Amino acid sequence: MTYPCGIIRDLLPLYIDDVCNEDSRDAVEKHLAECEKCRNDYEAMKNTGDFVERKKESFKDMKMETSLKNVKTRINKKIRNIILGAIAVVIVFTSGFYLLFETAIKEVNLGEVSVSAKVHSLESQRDISTEEVTDSESVTIFSDEEDNSEIVNVKIPEIGNINLTKNLIEKYGYATVVSFSSEYFLRNIEMETRDNTIYITGFKTTLLGNRAENYQKQTCMLEFQEINKIVFVDDKGMETVLWSR
Ligand SMILES: [Zn+2]
């Protein structure tokens, strides 16, 4: 016996999902073989079912993709944080280094520095002693671009070879090598030159310039003037002669 279409229609979802009992399945199959209308409904339902399945699958893919994206985003954030952290570390170290090396932070007392000077005439090289000179150093100094006068090599003790134009020699006539000896690297010497006298108002070093005791660091300086006196002026204006000719 064959069942009415309504009953078959109710059974179709179970039949499609393959969860109905044997009798129901036989009844549905028998009915579908005879009834074109229910057969069409069956085909439509089956396809709809497939569609739902496909949707479910693509939804799963989407979820997978989303979670992958989340993982990627998290990894990107981690990498970004690592890079930012590295940059911060570099900045901190660089500025720390800069502060220690380049910023004068320690005043060096007058008693911790010894000063000497040698004045050399550039006009006559016979006044220039060459015994302390190392020939590896050579510097060329021009007064300006229009100075086309002959270049003269002058050997100056403690400084080395200096190439000067004849114009410069005529203009200055003298070179004074000033040497400062201290256990510190003197990075900043506050000084002013006037009336053939060097007035020093302070010696400064940096924290890392602070060396072990007995370490003698010599700082040399070249003045193209005939220096007769080097004077230290303290903050009260008191003058102490450090060297004189
Ligand atoms: Zn039917």
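The values are calculated or read from the model by the stated rules, or taken from the named source; none is laboratory data. In this text the structure is predicted, and so the values were computed from the model without any measurement. Ideal geometry is used to build each Cβ from the backbone, glycine not excepted, and the neighbour counts take in all protein chains shown. Remember, those area values only see protein heavy atoms, side chains included, never the ligands or the DNA or RNA. Shrake-Rupley method; radii C 1.70, N 1.55, O 1.52, S 1.80 Å.
Tabulated values for the structure
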read-out	value
Residue that is farthest from the chain's Cα centre (by Cα), among those in the stretch 1-14 that are within 13 Å of the ligand (Cβ to nearest atom), in contact (Cβ under 8 Å) with a residue 24 or more places away in the chain and in a helix (DSSP H, G or I)	CYS5
Test: ARG54 is open to solvent by 80 Å² or more (accessible area, probe 1.4 Å), within 13 Å of the ligand (Cβ to nearest atom) and either closer than 30 Å to ILE7 by Cα or modelled with pLDDT of 85 or more (or both)	no
